[in-house]
Amino acid sequence: MKPAATPGGLAADPIDRYWIGESHLVWCRDAASCGSIHWGQPTTRDVTDLTRALELADHPALAAGFEVFMDCRGIEQVDWTPFGELLEYLRGRLPAWSTRIRQHAVVVPAGPSGALLAGMVPLLGVTYSMRFFDDTEPALTWLAWNTRPDSVASAHEAAELARVARGVTPLVHRFRAWLEGALRRPTIEAASSALGLSPRSLQRELRAGGTSFTAEVQAVRVRVACALLAQTDEKVEVIAREVGCVSASQRSTIFRKVIGETPARYRVRSGRPAS
């Protein structure tokens, strides 16, 4: 599967793609098999991103019906505020989804978090077939994916992607959050000052996390630009300036390197008219 740069990008073009957020991964192998993996302590912002990604269920390619595999074993704690917001979103979307989702397998963690999930979700009024499991293989068998090797392979691929994503250090997460508000003129000096480190220490921490200042700036610029391209009618040139791309050549080079296409092409594929 190929990565989507934003949750909206996944929803706009879900087939054979995935998107990774701070505490979840949402994926869609084909028109019949989709899934998600959840971990950590999801925040309100995480839930906002997750709901955007889950809009993939409305994509025309999935209209004939599909199954869902959800792995929640990595959830460490349920915060009532974001959890309640997610439940409200699901309550509003379930009537439409009930005509598309054929089966929904949920693997829950042991302990209070798993009991909460298993107890609360059915109260939303789910009308399609849903079952809870304590391990992956029984869930995949119940979905009958054992007869569809591609679907099983994608579930395992997603699990590995999530395992790697969970290895991102807290410092890298903090750095990415700072970058979103400083994309016009990000400097290593400003970033290190905001994070309470020396420039050399920040560069060392980024290397230890398997990344670099330049790579992170490019990735966050593209992620924020993709969201603006898909969700607003601002001209490409205006969006480019907002995320710190000073020239058309720089804009196209970064986009092609990260997501393999130009900003204009991405906007059209996201369902908005080209500028």
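The values are calculated or read from the model by the stated rules, or taken from the named source; none is laboratory data. None of the values given here were measured: they were computed from a predicted structure. We place every Cβ from the backbone using ideal geometry, glycine too, and count neighbours over all the protein chains shown.
Summary table below
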| read-out | value |
| --- | --- |
| Test result for residue 110, assigned by TED's automatic domain parsing to the domain that holds residue 75 and touching a residue at least 60 places away in the same chain (Cβ under 8 Å) | no |
| Verdict on residue 217 being at pLDDT 75 or above, in contact with a Pro (Cβ under 6 Å, 6 or more places away or on another chain), under 22 Å from residue 45 (Cα atoms) and crowded, with 19+ Cβ neighbours inside 10 Å | yes |
| Criterion (surrounded by fewer than 14 Cβ atoms within 10 Å (Cβ to Cβ) and assigned by TED's automatic domain parsing to the domain that holds residue 34) met by exactly one of 80, 97 | 80 |
| From the options 61, 12, residue that is at pLDDT below 95, farther than 23 Å from residue 75 by Cα, over 10 Å from the mean Cα position of the chain (by Cα) and among the hydrophobic types (A, V, I, L, M, F, W, C) | 12 |
| Entirely in segment 163-275, the helices (runs of 4 or more DSSP H) that have 3 or more residues that are in the same structural domain as residue 24 (by TED's automatic domain parsing) and among the hydrophobic types (A, V, I, L, M, F, W, C) | none |
| Hey, residue 74 in contact with a Lys or Arg (Cβ under 8 Å, 6 or more places away or on another chain), of a type outside the set (D, E, K, R) and within 24 Å of residue 174 (Cβ to Cβ) or not | yes |
| Test: residue in segment 76-87 that is assigned to a helix (DSSP H, G or I), at pLDDT 90 or above and closer than 18 Å to residue 130 by Cα | no |
| Residue pairs meeting the criteria (Cβ under 6 Å; at least 6 apart or on separate chains; first surrounded by fewer than 16 Cβ atoms within 10 Å (Cβ to Cβ), in segment 195-213; second modelled with pLDDT of 90 or more and among the charged types (D, E, K, R)) | 199/189 |
| Options 149, 109: the member that is exposed (fewer than 13 other Cβ atoms within 10 Å of the Cβ) and either of a type outside the set (A, V, I, L, M) or in contact with a helix residue (DSSP H, G or I) (Cβ under 8 Å, 6 or more places away or on another chain) (or both) | 149 |
| Hits in segment 1-48 - residues which are in a helix (DSSP H, G or I), in contact with a strand residue (DSSP E or B) (Cβ under 8 Å, 6 or more places away or on another chain) and surrounded by fewer than 24 Cβ atoms within 10 Å (Cβ to Cβ) | 46 |
| Matching entry among 102, 52, 73 (being in contact with a Pro (Cβ under 6 Å, 6 or more places away or on another chain), touching a residue at least 24 places away in the same chain (Cβ under 8 Å) and farther than 23 Å from residue 230 by Cβ) | 73 |
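One line per residue, one yes/no per condition, for (1) acidic (Asp, Glu); (2) in contact (Cβ under 8 Å) with a residue 24 or more places away in the chain:
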residue: 13; (1), (2): yes, yes
residue: 37; (1), (2): no, yes
residue: 41; (1), (2): no, yes
residue: 56; (1), (2): no, yes
residue: 60; (1), (2): no, no
residue: 63; (1), (2): no, yes
residue: 86; (1), (2): no, yes
